[in-house]
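The values are calculated or read from the model by the stated rules, or taken from the named source; none is laboratory data. Bear in mind that the values here come from a model prediction, so they are computed numbers and not experimental data. Note: ideal-geometry Cβ built from the backbone for every residue, glycine included; neighbour counts use all protein chains shown. What goes into the accessible areas is simple: the full protein's heavy atoms, side chains included, and nothing from ligands, DNA or RNA. Shrake-Rupley method; radii C 1.70, N 1.55, O 1.52, S 1.80 Å.
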Amino acid sequence: MKVRYTFRFYPSTRQKRALGKTFGCVRYVYNRALRLRKDSFSRDKTRVTYCQTSAALTKWKQEPGCSWLREPSCVPLQQCLRHLQTAYRNFFEKRSDYPRFKSKHGEQSAEFTRRAFGWDGSQRSLSLAKIGRLRIRWSRQFASEPSTVTITKDCAGRYFASLCLDETVAALPATGLGVGIDLGINRLATLSNGERIANARHLEGRLGKLARLQRVLARRTRGSGRWKRQRQRVARLHARIADSRRDHLAKLTTDLVRRFDVLCIEDLDVRGLMGRRRLARSISDVGFSEFRRMLTYKCSWYGRQLRLVDRFFPSSRRCSKCGHVIEDLPLSLRTWTCPGCAACHDRDENAARNLLAAGHAVTARGGRARPRATTVARGGARRNVNQPALP
Ligand SMILES: [Zn+2]
């Protein structure tokens, strides 16, 4: 099974300089290739292929003003053209937006394939072409040999090496239990068995400090030395918040995967919700998409089933006892009483129960399977049993 482990490393001054050059060249090649593809399409509607960009790269390296392109290893430059190709394919297959130019600000990365790094398993030594041996903090064990290594530098100036490995992950023993998980804003998650998991509100807690740092940043002259140092402080605090949030989510998802065989969540349209500004910060704070991403790969690692329930399924508005669907349920209403059976519901717990029922319903009907997760057909458990199931 392909897994990706990320380790922090501490480059020497010389390595920092060499990596900086590599990131710069990767960015330049990626952006120039994107420009080439964009221009050629807007000029005469022709599509530039990966092979053509690869041939162009060879030419760019020969240009008199671009001799610096020959300094770093050629592998990351080649890899970024492959990434651009993937970005285009994702765009054409409607999985993502149109590829964007890489910015000098923000996270930088470069990918090395097997022929551009050396690996010694007995010594645990990783060295990159033209960079040298990395001082890595090996925070976990693994048995196999890495197939690719991606080096990133985040906004807070930290360096990470992400290793793609082929590991055998043993499935966890079956527990015979299923759970519906309702992700919320006031609390991170509510389970169908009534358990409540609070948000790790790191952003809320540290908001005052962040606001203070950002106010100071706004007073600095853009581009000055003091502005740069202040921007680093803001970035470092952001990084710390993101780290603790990720840690909270990682622990929660591992706990869920250990305890349950079948996990049902709502296929939330995070992008749609992010558009509503008032909710935006809370949602990004809670990290819905990160939660789902972690749950997805952990389920596939440990042999669990993740069921995504259609986002149009009225999980909040439907009574989990009698199936009555009420017309409107404002977000502010946390508890409600069913007019059909007079049951009193906690909004989130009721939704989680519905999700579990909808997730189970799909196996009963032999629901459609997708490679990474199962999606309950539109309409979910609400569908009449006499109606044929969707393909
Ligand atoms: Zn009811």
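General observations
- Close pairs (7 angstrom Cβ cut-off, 6 or more residues apart or separate chains): over 23 Å from Gln305 (Cβ atoms) in the stretch 176-188, outside any strand (DSSP E or B) anywhere: Ile185/Leu279; Ile185/Ser282; Ile185/Ile283; Ile185/Val286; Arg187/Ala198; Arg187/Asn199
- Evaluated against (1) touching a His at 6+ places or on another chain (Cβ under 8 Å); (2) within 9 Å of the ligand (Cβ to nearest atom), His345 falls short on exactly one condition, (1).
- Within the stretch 287-326, considering residues that are within 16 Å of the ligand (Cβ to nearest atom) and hydroxyl-bearing (Ser, Thr, Tyr), the one surrounded by the fewest Cβ atoms within 10 Å (Cβ to Cβ): Ser316
- Index of the failed condition, Cys338 passing every other in (1) modelled with pLDDT under 85; (2) within 16 Å of the ligand (Cβ to nearest atom): (1)
Rundown of residues vs (1) outside any helix (DSSP H, G or I); (2) among the aliphatic types (A, V, I, L, M); (3) crowded, with 16+ Cβ neighbours inside 10 Å, yes/no style:
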| site | (1), (2), (3) |
| --- | --- |
| Trp138 | yes, no, no |
| Gly157 | yes, no, no |
| Ala170 | yes, yes, no |
| Asn199 | yes, no, yes |
| Gln230 | no, no, yes |
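- Selection of the stretch 11-24 for residues being open to solvent by less than 20 Å² (accessible area, probe 1.4 Å) and either of a type in the set (Asp, Glu) or outside any helix (DSSP H, G or I) (or both) yields only Pro11.
- Inclusion of Pro76 among residues that are assigned to a helix (DSSP H, G or I), touching a helix residue (DSSP H, G or I) at 6+ places or on another chain (Cβ under 9 Å) and crowded, with 19+ Cβ neighbours inside 10 Å is warranted.
- Sole exception among (1) in a helix (DSSP H, G or I); (2) of a type outside the set (Ser, Thr, Tyr); (3) modelled with pLDDT under 90 for Arg311, by number: (1)
- Some residue of the stretch 23-31 being free of Cβ contacts under 8 Å to residues at least 60 places away in the same chain and more than 26 Å from Val149 (Cβ to Cβ): no
- On the stretch given as the stretch 212-224, residues that are over 18 Å from Cys155 (Cβ atoms) and either open to solvent by less than 80 Å² (accessible area, probe 1.4 Å) or assigned to a helix (DSSP H, G or I) (or both) total 4.
- Residue list for the stretch 79-93, restricted to those being open to solvent by less than 40 Å² (accessible area, probe 1.4 Å) and under 16 Å from Ser109 (Cα atoms): Gln79, Cys80, Leu81, Leu84, Ala87
- Under the condition of being of a type outside the set (S, T, N, Q) and either touching a Ser or Thr at 6+ places or on another chain (Cβ under 9 Å) or surrounded by fewer than 18 Cβ atoms within 10 Å (Cβ to Cβ) (or both), the residues counted in the stretch 242-262 number 12.
- For Trp119: the one exception among (1) touching a residue at least 24 places away in the same chain (Cβ under 8 Å); (2) part of a loop (DSSP other than H, G, I, E, B): (2)
- Residue among Arg35, Arg27, Arg8 that is out of contact with any Asp or Glu (no Cβ under 7 Å at 6 or more places or on another chain), in a helix (DSSP H, G or I) and closer than 24 Å to Leu134 by Cβ: Arg27
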